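We did not get these values from a lab; they are worked out from the coordinates using the rules stated. Quantities reported herein were computed from a predicted structural model and do not represent experimental measurements. All Cβ positions, glycine included, derive from the backbone under ideal geometry; neighbour counts span all protein chains shown.
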Amino acid sequence: MQLNFSSLQALVTGAGKGIGRDTVKALHALGAKVIAVSRTNTDLVSLSKECPGIETVCVDLGDWEATERALGNVGPVDLLVNNAAVAIKQPFLEVTKEALDRTLSVNLRSVFQVSQIVARGLIQRGVPGSIVNVSSMVAHVSFPNLAVYSSTKGAMTTLTKVMAAELGPYKIRVNSVNPTVVPTAMSQRVLTDPEFTRKLKERHPLQKFAEVEDVVNSIIFLLSDRSASISGSGILVDAGYLAS
């Protein structure tokens with residue numbers, strides 16, 4: 001895919017690590033002006049060294065007021081990647097209020113808030129835009145001890161469709177990517193049982209998990225005009241898991 005984002009500005013949440021970090025690097029390499037958002041300043045400092053010229057914003061997206069202060073007057077944004085997320089591993093019967101509140105605020109509420117900020121700016125400027133929500137295959141299948149995380153991703157699937165329907169008349173496309181397990185720090189905290197991990201991988205028809213690059217490529221495609229007629233959809237980057 002020969003792509004060029006040189007005239008566009010992109011905002012990526014959860015940009016400090018994993019999928020978000022590599023998405024920033026890909027967009028930067030393709031010429032976009034990137035605003036990288038993370039709650040961990042050391043990650044942003046190191047990312048700035050890898051991608052000179054990016055703008056960084058250090059904020060906890062689970063804090064509505066702090067997010068409004070940090071991003072409420074953000075400059076013109078054409079492309080948005082809602083990637084920030086937390087995954088707290090708890091059996092359903094042991095889910096705590098703290099885990100529920102934290103996960104909902106970061107994984108779902110921040111998507112509403114940041115997307116509203118970006119979409120209002122696009123509408124005010126009268127220009128098209130593209131929003132990609134990073135979801136998960138667990139929006140569609142059950143996974144042990146991830147009741148809260150899975151619930152937020154299931155909600156994100158419906159939210160993506162509603163956003164696409166309501167923002168479509170303004171030429172704003174909204175889609176999601178739904179990966180299987182990806183080798184990131186977050187997934188390593190969840191997959192603590194080697195035997196379970198082995199059996200899970202074997203259940204994938206391709207006998208593997210997804211690589212970060214696979215997810216990033218799907219995000220870049222959905223952000224680009226190569227997907228100009230795609231909105232309200234989700235790309236499964238799941239090594240065939242949902243086909244089995």
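Observations, loosely collected:
- Scanning region 6-28 for residues that are closer than 25 Å to ASN178 by Cα and over 19 Å from the mean Cα position of the chain (by Cα) returns no hits.
- Residues of region 100-132 satisfying the condition of being within 14 Å of GLU166 (Cβ to Cβ), among the hydroxyl-bearing types (Ser, Thr, Tyr) and crowded, with 23+ Cβ neighbours inside 10 Å: none
- Flag for LEU159 being in contact with a Leu (Cβ under 8 Å, 6 or more places away or on another chain) and either surrounded by 14 or more Cβ atoms within 10 Å (Cβ to Cβ) or part of a loop (DSSP other than H, G, I, E, B) (or both): yes
- Criterion violated by VAL215 - all others in (1) in contact with a strand residue (DSSP E or B) (Cβ under 6 Å, 6 or more places away or on another chain); (2) within 19 Å of SER142 (Cα to Cα) satisfied: (2)
- Residue in region 210-226 that is among the acidic types (Asp, Glu), out of contact with any helix residue (DSSP H, G or I) (no Cβ under 6 Å at 6 or more places or on another chain), on the phi < 0 side of the Ramachandran plot and outside any helix (DSSP H, G or I) present: yes
- Residue in region 193-201 that is surrounded by fewer than 17 Cβ atoms within 10 Å (Cβ to Cβ), in contact (Cβ under 8 Å) with a residue 24 or more places away in the chain and of a type outside the set (A, V, I, L, M, F, W, C) present: no
- In the set THR23, THR40, only one residue is hydroxyl-bearing (Ser, Thr, Tyr) and buried (at least 18 other Cβ atoms within 10 Å of the Cβ); that residue is THR23.
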